[in-house]
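These notes are about the structure you will find just below.
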Amino acid sequence: MKKAPWWIIGVMVGIVFLIIGFGREQFDDIYNKAIMICLECIGIG
């Protein structure tokens, strides 16, 4: 059996963490922080 490439393992770990975040209802907090960071970088906020 061939080993999976490292990037596939990384994607799978990322998906697991996203599911855990959704389960803990943290999506709104992270989404709002991401929006504020983007607006600060652009210079709008």
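The values are calculated or read from the model by the stated rules, or taken from the named source; none is laboratory data. Keep in mind that this is a model prediction, so the values were computed, not measured. The accessibility values were calculated without ligands, DNA or RNA, using every heavy atom of the protein model including side chains. Shrake-Rupley method; radii C 1.70, N 1.55, O 1.52, S 1.80 Å.
How tilted is helix 6-23 with respect to the longest principal axis of the chain? Cα atoms for both, answer in degrees (0 to 90, nearest 10). Its long axis makes an angle of about 50 degrees. Accessible area of Glu25 (1.4 Å probe, protein heavy atoms only, ligands and nucleic acids ignored): about 150 Å². In the chain, the longest principal axis of the Cα atoms and the axis of helix 27-42 are about 60 degrees apart. Helix-only estimate, please: 222 nm mean residue ellipticity of the chain, summing -39500 (n - 2.57) across DSSP H runs of length 4 or more and dividing by its residues, to the nearest 500. Calculated at 222 nm, the ellipticity per residue is -25500 deg cm²/dmol.
For Rg and Dmax of the Cα atoms in Å, which listed value, (1) 14.4, 46; (2) 15.7, 52; (3) 11.2, 39, comes from the coordinates shown? Identified label for the calculated read-out: (2).
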